[in-house]
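Participant: Would you mind keeping the following structure in view while I ask a few things?
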Amino acid sequence: MSRTLAEAAQGVSVRITRMLPGGGAIRQRLLDMGVTKGTSLVVERRAPLGDPIEVLVKGYHLAIRRNEAALIEVDCE
Amino acid sequence: MSSEQLQAPPASPMTFLVAVAGNPNAGKTTLFNMLTGANHTVGNYPGVTVERREGMVASGPCRLRMVDLPGTYSLTAYSMEEVVARTVIVEEHPDIVLDVVDASNLERNLYLAMQLAEMERPMVLALNMHDIAVQRGIRIDMAKLSAYLGVPVVATVGHRRSGRTELLETLVRTGRGEIPQEPLRVKYGAVIEEAIEAVARTVAADAALSRVYSVRWLAVKLLEEDARAVERVRAEADGPTPVLDAAQRQVARILAREGEDPATLIAEHRYGHAAGVMRDCVRVSDRGTTVTDAIDTIVCNRFLGLAVVALVVFLTFKATFVLADGWRFIPWKGGWTTPVGVSAWFFEELLPGLTVRMGPGPLRSLIDDGVIAGVGGVMGFVPLIFFMFLFLALIEDSGYIARIAFVLDRVLRVFGLQGKSILALIVSGGIAGGCAVPGVLATRILREEKDRLTTMLVVPFMNCGAKMPVFAMLIAAFFSRWQGEMLWLLAALSWCFALLAALLLRKTVVRGGQTPFVMELPPYHIPVLRNILRSALERSWMYIRKAGTVILGVSILLWAFMYFPRSDARVFEARRTAAETALRTHLETTRFAHLTAGAGLRDTVQAARDAVEDRTEAARPDQAQARSLPELLARCARGLDRPDDPELQRAAEALARYLEAIDAIGADEARERLLHSFAGRLGRFLEPLASWAGFDWRDSIALIGGVAAKEVIVSTLGMAYHMGHAGQTAEGTGYQSLPLVRALRADPDWNALRALALILFVMLYAPCLVTVITIARESGSWRWAAFSTCYSTALAFAVAVLVYRVGLLFGLGT
């Protein structure tokens with residue numbers, strides 16, 4: 001069952017299955033930051049109002065908004 | 001300093017141009033400092049290095065001219081930094097590209113390294129922050145890494161200056177071509193490689209393009225549909241070009257065959273290679289919880305995060321004020337004083353003392369009232385500014401600033417801004433002491449034009465370093481018991497106004513939808529004291545330089561505006577003569593009659609008075625009459641209770657009356673003169689309007705001057721009141737002792753309500769000239785600059801009037 005990173009539970013390791021279409025320039029940015037197909041992610045924490053979220057990717061910490069996280073389709077590992 | 005090195009002689013055969021590239025937070029700037037010793041700031045926030053920095057370093061017979069490129073994650077046309085970085089590499093043909101790589105974050109850093117390698121310039125890799133990598137149990141096989149990438153690799157630790165010699169040597173040898181370069185060429189798979197070849201053939205056929213660009217690199221960029229590359233190719237070719245046609249055909253072909261656009265596939269291949277390098281060259285033992293994780297558990301906590309931000313901002317204020325003016329830690333005249341005490345002494349006592357010997361006249365007035373009161377008023381705040389910059393640098397350098405953006409993003413989004421706007425807001429004075437000019441420039445990191453414009457239009461509301469003197473002065477005068485608390489309140493108010501204005505702007509002039517937010521949260525660093533001090537000193541120096549040039553010029557101009565045309569002095573001269581005659585008549589009936597011998601009683605009294613105020617040396621002994629005057633003056637000052645000596649008491653009373661009269665005449669004359677001057681006329685013309693907010697003509701003049709630079713407000717008020725200055729004696733320390741503070745306190749027309757209205761007006765009204773110019777340049781339109789000036793002044797006036805009028809209703813302001 002696949003869903004997006006925005007819905008992923010905190011602390012669970014997930015793997016990117018697909019980048020959903022759309023997003024414009026932010027897509028390239030996410031790719032540049034290492035958010036590519038097959039990469040493992042962990043949602044580390046959420047900001048005080050639940051958004052943005054902090055994910056661990058390729059050994060570093062990345063903050064993204066839920067809107068952008070909704071472009072990233074993931075599967076549980 | 002770097003500005004001198006920019007004018008280095010043209011490159012001789014033994015001078016190599018080195019472009020320093022790397023990810024943000026890879027320690028690039030620290031490494032650059034280590035190599036060149038150049039003076040500049042080191043930040044920890046993505047995008048803090050925006051301007052170009054250069055430095056020269058000698059190594060043996062060779063010289064390296066280093067260019068510090070902005071920190072980037074990639075070389076697309078995504079941000080201005082990336083465009084700048086690749087433009088330097090393409091257009092300036094550096095002899096060497098030095099890629100600074102964060103050893104503790106190798107995989108993502110390699111992504112950039114691969115793109116740099118594609119640009120086909122000789123390369124050296126600096127494996128920086130090697131110590132942190134080792135601490136985290138990351139072991140990198142450097143020989144293997146070097147072999148894989150085909151370029152030399154040197155381990156460095158920027159802040160400990162380790163690896164410097166080896167790195168310089170490697171750079172020189174690379175420049176001389178002594179180290180073979182076989183840069184890694186990422187293979188993108190059969191389908192894409194085919195496409196690259198097809199496009200590359202058309203690029204190679206185009207002489208204009210192939211002369212400037214690496215053929216393969218441009219082909220890859222065109223397949224990525226890189227906006228800037230496409231634009232450049234279109235600009236080179238007049239009309240349809242086979243290059244773009246080929247690129248478009250290939251993009252469509254790849255999309256059809258792979259079901260994914262080439263940009264995505266290319267990025268995936270690069271990261272695939274990076275993962276391969278990691279597998280082959282890097283061993284990671286389990287690192288457990290890092291310090292950064294532990295700190296973030298608290299600092300970015302869902303419940304505590306906002307409280308921590310508020311606390312940090314508040315502590316910054318408190319600490320700044322305690323260090324600048326709340327803690328006497330400098331040995332001074334047998335006691336102790338604060339840094340503000342020292343600078344106040346310099347400009348309020350030492351320098352004016354030097355002009356006492358000059359005769360009265362326009363020149364002395366220019367120096368005293370124009371230059372010293374003007375520039376001195378601004379310089380007096382250097383200690384405050386310095387400590388604020390120090391704490392700002394601490395927050396930047398430690399990495400906390402990115403957490404502020406993370407924690408506040410959702411809050412800021414309510415107002416149509418985003419987390420990254422926070423940097424611009426803070427730099428502009430969100431943590432007081434900033435400046436709107438770099439603040440406006442800091443909006444460059446905002447990708448979305450509408451976010452950028454909105455941020456740019458509201459950052460001038462923040463309490464920049466130039467407004468702080470105005471606030472500090474008025475607070476010292478009317479809210480002295482709540483200095484820290486008032487400043488905290490003013491900071492909170494400036495945030496409120498900025499955010500509400502942003503919301504309003506996004507609903508009206510800058511309408512538009514949501515924008516993306518993707519930001520690295522870099523590991524915390526223990527800030528390097530040297531870097532922080534350097535940053536604070538450099539920014540303080542910029543402030544001083546501004547005071548020495550722009551503000552000096554404006555001060556002199558305003559002084560002339562307030563000095564000319566001269567009013568008729570004869571009325572006041574007649575009053576002075578009358579007062580002098582009265583004093584003479586009284587003294588002649590006492591044993592002090594000898595004092596009145598000769599014509600210059602007025603000058604004698606003035607000289608003695610100056611001597612008592614310790615502004616010149618004691619009166620010369622050969623003036624017998626002058627010797628007993630100090631004694632008389634002392635009696636005046638100490639009170640007149642000497643029933644045993646009625647003669648002395650009579651004389652002292654007469655002298656006291658005379659001094660009072662002379663001071664009143666002086667004040668009247670100064671007031672009359674100001675009113676008569678060009679400035680006074682304009683101020684009076686505006687007074688009917690200004691009085692709605694409780695301002696008088698002097699405030700209006702000061703506020704008009706403040707459009708040039710906000711510091712001018714204090715100096716103009718200083719001039720306006722200093723010209724009527726009537727020899728008060730010093731009391732208290734720091735701001736409490738500033739003559740202007742005492743003058744405002746003593747003035748019956750001034751009260752806390754008027755001060756508050758003025759503070760709010762200053763907080764909100766038109767940005768200073770330099771900011772307006774910067775907004776025009778950065779928004780690309782003078783219309784936005786004009787809009788910014790008008791809407792903020794209108795808002796400021798509305799708020800000041802509202803506060804003043806409501807305050808009056810509640811019986812405040814008396």
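Participant: Away from chain A (no Cβ under 14 Å) and modelled with pLDDT under 90: which single residue out of B:G60, B:G71 fits that description?
Facilitator: After applying the criteria, what remains is B:G60.
Participant: Report, by residue number, each residue of segment B:771-810 that is of a type in the set (G, A, S) and either more than 16 Å from B:W692 (Cα to Cα) or touching a helix residue (DSSP H, G or I) at 6+ places or on another chain (Cβ under 8 Å) (or both).
Facilitator: Those that are of a type in the set (G, A, S) and either more than 16 Å from B:W692 (Cα to Cα) or touching a helix residue (DSSP H, G or I) at 6+ places or on another chain (Cβ under 8 Å) (or both): B:A776, B:S779, B:G780, B:S781, B:A785, B:A786, B:S788, B:S792, B:A796, B:A800, B:G807.
Yes/no matrix, rows are residues, columns are (1) under 44 Å from the mean Cα position of the chain (by Cα); (2) free of Cβ contacts under 8 Å to residues at least 40 places away in the same chain:
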residue	(1), (2)
B:V153	yes, yes
B:H159	yes, no
B:S162	yes, yes
B:L167	yes, no
B:T170	yes, no
B:T174	yes, no
B:R185	yes, no
B:Y188	no, no
B:A195	no, no
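Participant: Determine which single condition A:E77 fails, assuming it passes every other condition in (1) more than 7 Å from chain B (Cβ to nearest Cβ); (2) modelled with pLDDT of 90 or more.
Facilitator: All conditions are met except number (2).
Participant: Out of curiosity, is B:R86 more than 9 Å from chain A (Cβ to nearest Cβ) and surrounded by fewer than 23 Cβ atoms within 10 Å (Cβ to Cβ)?
Facilitator: Here the answer is no, as B:R86 does not meet what is asked.
Participant: Scanning for something among the polar types (S, T, N, Q) and modelled with pLDDT under 90, does segment B:180-203 turn up at least one residue?
Facilitator: Scanning segment B:180-203, I find at least one residue that is among the polar types (S, T, N, Q) and modelled with pLDDT under 90, so the answer is yes.
Participant: Okay, next question. Out of the residues in segment A:51-60 that are surrounded by fewer than 21 Cβ atoms within 10 Å (Cβ to Cβ) and within 7 Å of another protein chain (Cβ to nearest Cβ), state the one that is nearest to B:Y111 (Cα to Cα).
Facilitator: Per the stated criteria, the residue is A:G59.
Participant: Return yes when B:L354 is aliphatic (A, V, I, L, M), within 14 Å of chain A (Cβ to nearest Cβ) and in a helix (DSSP H, G or I) and no when it is not. Walk me through how you get there before you give the answer.
Facilitator: On the way: aliphatic (A, V, I, L, M): yes; within 14 Å of chain A (Cβ to nearest Cβ): no; in a helix (DSSP H, G or I): yes.
The answer is no for B:L354.
Participant: Condition first: farther than 21 Å from B:R403 by Cα and either within 7 Å of another protein chain (Cβ to nearest Cβ) or within 12 Å of the chain's Cα centre (by Cα) (or both). Can you find one or more residues in segment A:61-70 that meet it?
Facilitator: Looking through segment A:61-70, at least one residue is farther than 21 Å from B:R403 by Cα and either within 7 Å of another protein chain (Cβ to nearest Cβ) or within 12 Å of the chain's Cα centre (by Cα) (or both).
Participant: Return a yes/no flag: does segment B:519-539 have any residue that is modelled with pLDDT under 80, crowded, with 19+ Cβ neighbours inside 10 Å and under 29 Å from B:L740 (Cα atoms).
Facilitator: yes
Conditions tested, residue by residue: (1) buried (at least 19 other Cβ atoms within 10 Å of the Cβ); (2) without any contact (Cβ under 8 Å) to a residue 60 or more places away in the chain; (3) assigned by TED's automatic domain parsing to the domain that holds B:I140.
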site: B:E231; (1), (2), (3): no, yes, no
site: B:Y271; (1), (2), (3): yes, no, no
site: B:V277; (1), (2), (3): yes, no, no
site: B:T290; (1), (2), (3): no, no, no
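Participant: Still on this structure, please answer the following. Look at segment B:146-169 and say how many of its residues are surrounded by fewer than 21 Cβ atoms within 10 Å (Cβ to Cβ) and touching a Leu at 6+ places or on another chain (Cβ under 8 Å).
Facilitator: Matching residues across segment B:146-169 total 6.
Participant: Next up: Hey, can you tell me all the residues within segment B:279-288 that are in contact (Cβ under 8 Å) with a residue 60 or more places away in the chain, away from chain A (no Cβ under 12 Å) and surrounded by fewer than 16 Cβ atoms within 10 Å (Cβ to Cβ)?
Facilitator: Result: B:D280, B:R283, B:S285, B:D286.
Participant: Look at B:I401 and say whether it is assigned to a helix (DSSP H, G or I), free of Cβ contacts under 8 Å to residues at least 40 places away in the same chain and within 13 Å of chain A (Cβ to nearest Cβ).
Facilitator: Working: assigned to a helix (DSSP H, G or I): yes; free of Cβ contacts under 8 Å to residues at least 40 places away in the same chain: no; within 13 Å of chain A (Cβ to nearest Cβ): yes.
Against the criterion (assigned to a helix (DSSP H, G or I), free of Cβ contacts under 8 Å to residues at least 40 places away in the same chain and within 13 Å of chain A (Cβ to nearest Cβ)), B:I401 does not qualify.
Participant: Scanning segment A:36-50 for residues that are over 23 Å from B:L304 (Cβ atoms) and surrounded by fewer than 23 Cβ atoms within 10 Å (Cβ to Cβ), which turns out farthest from the other protein chains (Cβ to nearest Cβ)?
Facilitator: A:S40
Participant: Answer yes or no: is there a residue in segment A:13-35 that is away from every other protein chain (no Cβ under 12 Å) and either touching a helix residue (DSSP H, G or I) at 6+ places or on another chain (Cβ under 9 Å) or at pLDDT below 90 (or both).
Facilitator: Yes, segment A:13-35 contains a residue that is away from every other protein chain (no Cβ under 12 Å) and either touching a helix residue (DSSP H, G or I) at 6+ places or on another chain (Cβ under 9 Å) or at pLDDT below 90 (or both).
Participant: Only one of these is assigned to a helix (DSSP H, G or I) and either crowded, with 24+ Cβ neighbours inside 10 Å or within 14 Å of chain A (Cβ to nearest Cβ) (or both): B:A492, B:A498. Name it.
Facilitator: B:A498
Participant: With the checklist (1) closer than 19 Å to B:I422 by Cα; (2) in contact (Cβ under 8 Å) with a residue 24 or more places away in the chain; (3) within 14 Å of chain A (Cβ to nearest Cβ) in hand, flag the one item B:G512 doesn't pass.
Facilitator: Of everything listed in (1) closer than 19 Å to B:I422 by Cα; (2) in contact (Cβ under 8 Å) with a residue 24 or more places away in the chain; (3) within 14 Å of chain A (Cβ to nearest Cβ), B:G512 misses just condition (1).
Participant: Right, next: Which pairs have Cβ atoms under 7 Å, sit 6 or more apart or on different chains, and link a residue in segment B:295-306 that is more than 7 Å from chain A (Cβ to nearest Cβ) and surrounded by 13 or more Cβ atoms within 10 Å (Cβ to Cβ) to one that is at pLDDT 85 or above and not in a helix (DSSP H, G or I)?
Facilitator: B:I295/B:Y524
Participant: Let me ask something additional. Give the residues of segment B:363-421 that are acidic (D, E) and at pLDDT 85 or above, sorted by residue number.
Facilitator: Going through segment B:363-421, the residues acidic (D, E) turn out to be B:368-369, B:396-397, B:409.
Across segment B:363-421, the qualifying residue is only B:D409.
Participant: Shifting gears a bit: Residues B:Y188, B:Y213: which one is within 14 Å of another protein chain (Cβ to nearest Cβ) and not β-branched (V, I, T)? Let's see the steps before the verdict.
Facilitator: Values: B:Y213 fails: within 14 Å of another protein chain (Cβ to nearest Cβ).
The unique qualifying residue is B:Y188.
Participant: Moving on. List the number of the failed condition for B:L127; all other conditions in (1) in contact (Cβ under 8 Å) with a residue 40 or more places away in the chain; (2) crowded, with 20+ Cβ neighbours inside 10 Å hold.
Facilitator: Going through the list (1) in contact (Cβ under 8 Å) with a residue 40 or more places away in the chain; (2) crowded, with 20+ Cβ neighbours inside 10 Å, B:L127 breaks only (1).
Participant: So for segment B:121-142 (the condition being in a loop (DSSP other than H, G, I, E, B), modelled with pLDDT of 90 or more and within 25 Å of B:V282 (Cβ to Cβ)), does at least one residue qualify?
Facilitator: Restricting attention to segment B:121-142, the residues satisfying the condition of being in a loop (DSSP other than H, G, I, E, B) are B:121-122, B:129, B:136-137, B:141.
Among the residues that remain, those that are also modelled with pLDDT of 90 or more are: B:121-122, B:141.
Narrowing the set further to residues that are within 25 Å of B:V282 (Cβ to Cβ) leaves B:122, B:141.
Yes, segment B:121-142 has at least one match.
Participant: Quick one: A:G24 ticks every box in (1) over 9 Å from the mean Cα position of the chain (by Cα); (2) touching a residue at least 60 places away in the same chain (Cβ under 8 Å); (3) closer than 14 Å to B:V518 by Cβ bar one, so which box is it?
Facilitator: Among (1) over 9 Å from the mean Cα position of the chain (by Cα); (2) touching a residue at least 60 places away in the same chain (Cβ under 8 Å); (3) closer than 14 Å to B:V518 by Cβ, A:G24 violates only (2).
Participant: Please go through segment B:678-697 and give me each residue that is under 16 Å from B:I759 (Cβ atoms) and assigned to a helix (DSSP H, G or I), ordered by number.
Facilitator: B:A690, B:A693
The values are calculated or read from the model by the stated rules, or taken from the named source; none is laboratory data. Small disclaimer: the values here were computed from a predicted structure and weren't measured. Backbone-built Cβ (ideal geometry, glycine too); neighbour counts: all protein chains shown.
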